[in-house]
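Inspection log for the structure reproduced underneath, given as structure tokens.
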Amino acid sequence: MKDMLFYIHLEQKIYRRILKNRGKLLAPLLSNIGNNKFHSVVIFATGSSANAAYTARPYLSKKLNRPVFIEDPSNALNYQLIGLSNVLCIAISQGGHSYSTINLVKKMQETGHCIYTLTSDKESPIAKISQNLLLIGMPIEEMPYVTLGYSATILFLILLGLEAAMKLQKISMAEYQQDLSEIKLICQKLPDVVKQSTQWVQNYLPVFKMAKRISFIGYGSLYGVAREGETKITETVRISAFGNEVEAYMHGPYIGIQPADQIILPEPNGKLQGRMQGLRRFLCQHLKQVRTISNQTVTAQNDLGLDIKVNELLTGLFMTIPIHLLAFYASQIKGINLNISAYPDFDKMTNSKI
């Protein structure tokens with residue numbers, strides 16, 4: 001079985017493939033979007049699919065000039081009104097086996113509502129029941145702890161926002177070309193990001209392997225990255241991990257910090273940079289292990305500066321790589337075999353996957 005490292009190194013190739021084929025991949029939705037007078041977007045997703053949606057949401061909302069909501073499929077299906085008119089609905093299941101997402105798509109289609117389904121596997125259960133199928137444009141990820149699928153989903157959603165905004169005449173050609181140029185720059189720089197991040201992780205591992213609890217705190221597009229940090233560290237390293245939005249963290253969670261806690265701050269140098277800097281100053285007074293992952297250069301020895309100065313709303317396309325690498329290498333030094341399920345009876349007992 002291919003491991004997480006294999007798929008992290010594959011990201012540049014898949015990004016380029018999705019960029020090249022974006023017209024064909026997006027066509028099922030873009031061909032109808034001009035006739036759809038939607039006032040908002042609702043994305044239904046769980047796990048890393050939801051994290052990817054949170055990462056792409058600020059860009060989607062900005063380009064489409066519409067609010068974008070992210071909903072848990074099970075909660076939406078059982079406790080909320082769904083399929084309202086004039087709403088662009090998208091369900092994401094990277095592997096295509098999520099029980100709750102499949103049932104939501106079935107229900108919406110049965111009641112005559114339009115929903116687009118995004119997945120990587122055209123032969124998956126969700127693909128087979130979907131009336132409006134969108135394929136991410138990547139191979140099936142032969143690894144339960146997805147990295148490539150998460151990143152590719154972000155790129156797909158960002159390109160959806162860019163192409164839809166252009167088609168709906170919400171941006172100029174100059175804006176379109178500027179964003180496309182920055183996305184291509186990110187793609188070009190991905191091998192450097194992997195190299196720099198790997199060195200940072202190797203330097204951090206001696207400290208991190210003693211961690212009992214870690215928090216990721218982000219804002220804007222990197223709130224989704226913080227959520228993904230919680231997901232991947234919990235799944236692979238199997239310690240307590242949390243992903244918070246910076247302002248939300250200031251309203252309660254900070255009170256529970258302990259001296260041994262470790263904190264990672266993904267920093268896109270965006271609108272809430274000042275808030276993040278203030279929080280970092282506070283945390284450094286009380287904790288020894290506070291690190292920043294920045295899209296720009298850094299001065300602190302323990303921080304990681306990736307030096308890719310692009311729109312803050314695009315930084316989620318590469319800022320998760322160091323966190324995914326940390327999850328992989330930390331699991332290795334702890335002797336955790338990621339190819340063996342921690343609880344093989346879980347899906348059978350809970351029916352979480354089909």
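You will find that of 30, 19, 10, 5, the residue that is crowded, with 18+ Cβ neighbours inside 10 Å and farther than 18 Å from residue 84 by Cα is 10 and no other. If you check residue 225 against the conditions, is it touching a Ser or Thr at 6+ places or on another chain (Cβ under 9 Å), closer than 25 Å to residue 270 by Cα, open to solvent by less than 10 Å² (accessible area, probe 1.4 Å) and β-branched (Val, Ile, Thr)? Considered against the rule, which asks whether it is touching a Ser or Thr at 6+ places or on another chain (Cβ under 9 Å), closer than 25 Å to residue 270 by Cα, open to solvent by less than 10 Å² (accessible area, probe 1.4 Å) and β-branched (Val, Ile, Thr), residue 225 comes out as yes.
Do the conditions hold for residue 231, that is, is it surrounded by fewer than 20 Cβ atoms within 10 Å (Cβ to Cβ) and β-branched (Val, Ile, Thr)?
Criteria not met by residue 231.
Across region 72-85, the qualifying residues are those that are in a helix (DSSP H, G or I) and not hydrophobic (A, V, I, L, M, F, W, C), and the one among them that is least open to solvent (accessible area, probe 1.4 Å) is 73. Considering only residues in region 109-125 that are in a helix (DSSP H, G or I) and free of Cβ contacts under 8 Å to residues at least 40 places away in the same chain, the one that is most open to solvent (accessible area, probe 1.4 Å) turns out to be 110. Annotation note: of 131, 94, the sole residue that is in contact with a strand residue (DSSP E or B) (Cβ under 9 Å, 6 or more places away or on another chain), open to solvent by less than 60 Å² (accessible area, probe 1.4 Å) and assigned to a loop (DSSP other than H, G, I, E, B) is 94. Across region 6-46, the number of residues qualifying as in a helix (DSSP H, G or I), at pLDDT 95 or above and of a type in the set (Gly, Ala, Ser) comes to 2. So is residue 101 open to solvent by less than 10 Å² (accessible area, probe 1.4 Å), modelled with pLDDT of 95 or more, hydroxyl-bearing (Ser, Thr, Tyr) and touching a strand residue (DSSP E or B) at 6+ places or on another chain (Cβ under 8 Å) or not? Spelling it out, residue 101 is indeed open to solvent by less than 10 Å² (accessible area, probe 1.4 Å), modelled with pLDDT of 95 or more, hydroxyl-bearing (Ser, Thr, Tyr) and touching a strand residue (DSSP E or B) at 6+ places or on another chain (Cβ under 8 Å).
The set of residues in region 250-291 that are within 22 Å of the chain's Cα centre (by Cα) and open to solvent by 90 Å² or more (accessible area, probe 1.4 Å) contains only 271. Could you identify the single residue in 172, 197, 240 that is touching a Leu at 6+ places or on another chain (Cβ under 9 Å) and either of a type in the set (A, V, I, L, M, F, W, C) or open to solvent by less than 60 Å² (accessible area, probe 1.4 Å) (or both)? So the residue among 172, 197, 240 that is touching a Leu at 6+ places or on another chain (Cβ under 9 Å) and either of a type in the set (A, V, I, L, M, F, W, C) or open to solvent by less than 60 Å² (accessible area, probe 1.4 Å) (or both) is 197.
If you go through region 293-344 and pick out every residue that is at positive phi and modelled with pLDDT of 95 or more, you end up with 1.
Of the numbered criteria (1) open to solvent by 10 Å² or more (accessible area, probe 1.4 Å); (2) in a helix (DSSP H, G or I); (3) of a type in the set (A, V, I, L, M, F, W, C), the one residue 69 fails is (2). Looking only at region 199-236, residues that are polar (S, T, N, Q), within 21 Å of residue 48 (Cβ to Cβ) and touching a residue at least 12 places away in the same chain (Cβ under 8 Å) come to 4 in all.
For region 116-126, the set of residues classified as more than 10 Å from residue 105 (Cα to Cα) and aliphatic (A, V, I, L, M) consists of 118 only.
Does residue 338 satisfy being open to solvent by less than 50 Å² (accessible area, probe 1.4 Å) and either under 22 Å from residue 183 (Cα atoms) or part of a loop (DSSP other than H, G, I, E, B) (or both)? Please lay out each step first, then the result.
Values: open to solvent by less than 50 Å² (accessible area, probe 1.4 Å): yes; either under 22 Å from residue 183 (Cα atoms) or part of a loop (DSSP other than H, G, I, E, B) (or both): yes.
Yes; evaluated as a whole, the condition is true for this residue.
Candidates are the residues of region 37-60 that are in contact (Cβ under 8 Å) with a residue 60 or more places away in the chain and of a type in the set (S, T, N, Q); the one that is surrounded by the most Cβ atoms within 10 Å (Cβ to Cβ) is 55.
The values are calculated or read from the model by the stated rules, or taken from the named source; none is laboratory data. What you see is a predicted model, and the numbers here were worked out from it, not measured in a lab. Cβ sites come from the backbone with ideal geometry, for glycine too, and all protein chains shown count toward neighbours. To get the accessible areas, we keep the full protein, side chains included, count just its heavy atoms, and leave off ligands, DNA and RNA. Shrake-Rupley method; radii C 1.70, N 1.55, O 1.52, S 1.80 Å.
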